[in-house]
Amino acid sequence: MALVLVFAAVLPGLALGSDAARALVVERLESLTGRNVSIDGRIDFSILPRARLSLEHVRLGDDDFTIDTLVADFSLFDVIAGKGKISGLVLVRPEWRSPDAPPAVEGIAAGTGSGLVTGLHSLLGRLGGIGEVEIREGLFRPAGPGFAGSRGISNANVRIDQSGSGETLRLAGSFVWNGQPTTVDLDVSSDRPLIQGGQGNVDFSLDSPALTASYSGTVAITDFRRAEGRLSLSTQSFTRGIEWLFAPSMRIPELGAINLAGDLFLQGRSAELREAALSVAGSQGRGAMEVRLESGVPVIGGTLAFPELNLTPIARSIAPFPRNPLDFERPLGIDFADALQMEIRLSATELALGTIPFEDVAAVISVGGGTAKLDVGDATLFGGRGQAAIIVDARAGRPQRVEGWVSASGIDTASLMSSLAVESIGLSGRSAIRAKLEAPADDWRAVLSGISVTAQLDASNGTISGFDPGVFTEPGARPLAAGARDGTVPFVTLDAALALDGMTVDLERIELRNETGTLTAAGRYFAKSNEIRMAGKFDPVSAAPSLPVGRPSAETKPVAFMMRGQWPDPSVTTEPAPTQ
């Protein structure tokens, strides 16, 4: 009874409904949050069993930040002294709907990482002597692109504990971020109060179905702009991880599962990841990476080495093959190339791109300014050496286009034909190839209708099988299949040049030379109608040796021929060539 009488005598200003109590709480909350505070509901103050103030319907700033119930715990001795120092806070159903969109990297709703760092630093500065802060059923809805509907944080249940000395801080709890349940655990410690800055030890982990992340190392407590420690990131779906984290307004290519780990060195807006291990699309690489911000745009660089690298899933994620008629008109967007700058130098013992196997590859992947490029500076392919490049140009103000080229020599022609799935005719020998490609690239319909390819093949000292060029040397008319045969015919040189324009192939020149003579031809193939039209001439050598047993003797006069009809069995008509 005596204790109650003492409280009643000492604390008349903190009785229920006291204007002094209201002013004291409002002042402390405004200092803590940096916002104007108004209380629209009841204010209940109790001393026993503990000193506690309960506020209902609290508004901070405008109507964008509200708290259903705020409970503040006080030290009993501070209450007796009239200090009103808060030892703990419980925020029940706080709701913050940001009225303004944060500044963003073009196409990406920014603020996820920078907002976390800024908020944590602000929290350290404003907690003061508050040892415990608990959030129950919290809701945060940012404004801006990508945050419509249910995006943001909901059902947040988080507890923040700070030691009495201020040297340690722990944040742990769970929430739903952009529709995915997420748990977070953060420990910060230092040899002096965290508010004084300096260097501290940080252990951080985040776990969600879309992304897991962890960091263990040191951090500059003052501004969180310097760090050194071990970082790891993992996602089962690159697209889902990016969309969950950054809420982009663009289509992100699906690269499959991504795992990245390394030693992080952060300095200001630049970060290095040394001893990096990267797993992408099932391929494992090691090396070093770096990233920095320039005018709000991430700039990524690095050098990675892969024993085996399969680029096919990456290429197909950027330009998915059509599976139905509607897919032919689906945009092949690479607008992500406007959201970042990237240049990654790659080396690979084995590299696959479609059906083409490369070995001992040195290449550069670059993205930025609306373009994406793969530049293979040197590689072994089909037993020869070559270079290649392909670039997709989607710069604003012009139609999207794709361009590429390949140049190689010393190629095993039989392996090349097998990779291209050419089965009706077999070729062997060594060859050199040169090709260029151009096409509009807004969608697959535009690619197929507007593609332009020029190619040159020069082969030597090989054989041709499945087809006998002798079908063009005999007078009369017959189907091309009459030249089919099981054996092989040797040749000294084979030169071919073709041009593809949309659905039409111009066979500009074909020249096959062996010991019996020289066959030359030119013509056109129409893919829509599967029709071929070709004209040519066979010039036998003088006193040519006998053809294989069972074949008539070669004429010494040139023979002209015409080939027309549906491929693969058009008709062939031959007649003596006019003398010049």
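At q = 0.10, 0.13, 0.16, 0.20 Å⁻¹, work out log10 I(q)/I(0) for region 155-275 with the Debye formula, treating every Cα as an identical point scatterer and leaving solvent out; two decimals please. Relative scattering, expressed as log10 I(q)/I(0), comes to -0.37, -0.62, -0.90, -1.20. Taking other residues whose beta carbon is less than 14 angstrom from the beta carbon of THR413, and scoring Lys, Arg as +1 and Asp, Glu as -1, yields -2. Per-residue packing, averaged as other Cβ atoms within 10 Å, sorts the ranges 261-274, 370-383 into the order 370-383, 261-274, beginning with the highest.
Using the beta-carbon distance between GLN456 and ALA288 and R0 = 35 Å, what value does 1/(1 + (r/R0)^6) give for FRET efficiency, to the nearest 0.05?
The calculated FRET efficiency here is 0.30.
Expressed per residue, the C-alpha convex hull volume of region 365-420 stands at 77 Å³. Other residues with beta-carbon under 12 Å from the beta-carbon of GLU438 carry, at +1 per Lys or Arg and -1 per Asp or Glu, a net charge of -1. Note on VAL297 and ASP64: their simple-model spin labels are 2.8 nm apart, each label 7 Å out from Cα toward Cβ.
I need the shape label for region 265-414. Rule: rounded when a/c is under 1.5, else prolate if a/b > b/c, else oblate, with a, b, c from the alpha carbon gyration tensor. The shape class here is oblate.
Highest mean packing comes first when the peptides 199-207, 472-480 are listed by Cβ atoms within 10 Å, giving 199-207, 472-480.
Each distinct pair of alpha carbons in region 206-279 adds a 1/r term; the inverse of their mean, the Kirkwood radius, is 13.4 Å. Among 34-42, 228-236, sorting by the average number of other beta carbon atoms lying within 10 angstrom of each residue, highest first, gives 228-236, 34-42.
Taking every protein chain into account, the 1.4 Å probe leaves TYR215 with about 20 Å² of accessible area, to the nearest ten.
In a simple Cβ point-charge model (Lys, Arg +1; Asp, Glu -1; nothing else charged), region 274-399 has a dipole of about 160 debye relative to its Cα centre. Label separation (GLU56 vs ARG385): 8.4 nm, computed from points 7 Å beyond Cα along the C-beta direction.
Give me the 1.4 Å probe accessible area per residue for region 306-370, excluding ligands and nucleic acids, in Å².
I get 53 Å² per residue for this part.
In plain terms, the chain from ASN155 to ARG395 could stretch by 82.2 nm, reckoned as 0.36 nm per residue minus the Cα-Cα distance. Calculated FRET efficiency, SER465 to ARG316, Cβ-Cβ distance, R0 = 35 Å: about 0.60 to the nearest 0.05. Multiplying the residue separation of ASP263 and ASP495 by 0.36 nm and removing their Cα-Cα distance gives an extension gain of 78.1 nm.
Cross-link partners of LYS537 among aspartates and glutamates, defined as those whose alpha carbon lies under 18 angstrom from its own and excluding same-chain residues fewer than eight positions apart: ASP468, GLU474, ASP495, ASP506, GLU508, GLU511, GLU515, GLU555, GLU575. Between ASP191 and GLU308, the FRET efficiency estimated from the beta carbon spacing at R0 = 56 angstrom works out to 0.75. The Stokes-Einstein estimate for region 397-464, based on a Kirkwood radius over Cα pairs and taken at 20 °C with 1.002 mPa s viscosity, is a diffusion coefficient of 157 µm²/s.
Using a simple spin-label model with pseudo-atoms 7 Å out from Cα toward Cβ, ASP44 and TRP567 lie 8.5 nm apart.
The values are calculated or read from the model by the stated rules, or taken from the named source; none is laboratory data. Because the structure is a prediction, the values reported are computed rather than measured. Ideal geometry is used to build each Cβ from the backbone, glycine not excepted, and the neighbour counts take in all protein chains shown. When the accessible area is computed, the model is the full protein with side chains, heavy atoms only, and any ligands, DNA or RNA have been set aside. Shrake-Rupley method; radii C 1.70, N 1.55, O 1.52, S 1.80 Å.
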